[in-house]
Amino acid sequence: MELTIGPHIWRVVSDPEFDVTMAASGHLGETVPDQLVIRVRSDLPKTVWQETLLHEVLHAAWSLTSLPETLGDREEEVVR
């Protein structure tokens with residue numbers, strides 16, 4: 001799946017190999033801005049997957065703003 005966030009096209013990836021790594025760390029997804037990739041665990045119930053995707057999209061949007069410079073390490077607090 002691909003999403004346009006700001007001026008960029010981001011790839012959304014879900015795969016079992018990622019599921020194992022992320023489950024071990026307690027995370028449901030991750031955003032990798034320098035690769036324009038959002039990863040969401042594929043083993044999640046549909047509504048949890050959708051909520052996690054939205055959360056990661058907000059991280060992607062955050063990365064395109066000046067908020068990291070303004071709010072520093074409060075990203076997770078704001079994105080929630």
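The values are calculated or read from the model by the stated rules, or taken from the named source; none is laboratory data. In this text, all values refer to a predicted model and were calculated from it rather than measured experimentally. FYI the Cβ positions are ideal-geometry reconstructions off the backbone, even for glycines, and counts take in every protein chain you see. All accessible areas refer to the heavy atoms of the entire protein, side chains included, with ligands and DNA or RNA removed. Shrake-Rupley method; radii C 1.70, N 1.55, O 1.52, S 1.80 Å.
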Among the residues of region 9-16, is any modelled with pLDDT of 95 or more and open to solvent by 60 Å² or more (accessible area, probe 1.4 Å)? yes
All positions within region 36-57 that are touching a residue at least 12 places away in the same chain (Cβ under 8 Å) and not charged (D, E, K, R): L36, V37, I38, V40, S42, L44, V48, W49, T52, L53, H55, V57
When residues of region 21-35 are limited to those that are over 21 Å from P7 (Cβ atoms), surrounded by fewer than 19 Cβ atoms within 10 Å (Cβ to Cβ) and not aliphatic (A, V, I, L, M), the one modelled with the highest pLDDT: E30
Which pairs turn up if I take residues in region 17-33 that are free of Cβ contacts under 8 Å to residues at least 40 places away in the same chain and look for partners that are among the hydroxyl-bearing types (S, T, Y) and open to solvent by 20 Å² or more (accessible area, probe 1.4 Å) with beta carbon separation below 8 Å, at least 6 apart in sequence or on another chain? F18/S42; D19/S42; T31/S63; P33/S63
Taking region 36-52, which residues are out of contact with any helix residue (DSSP H, G or I) (no Cβ under 7 Å at 6 or more places or on another chain) and either open to solvent by less than 20 Å² (accessible area, probe 1.4 Å) or closer than 12 Å to R11 by Cβ (or both)? L36, V37, T52
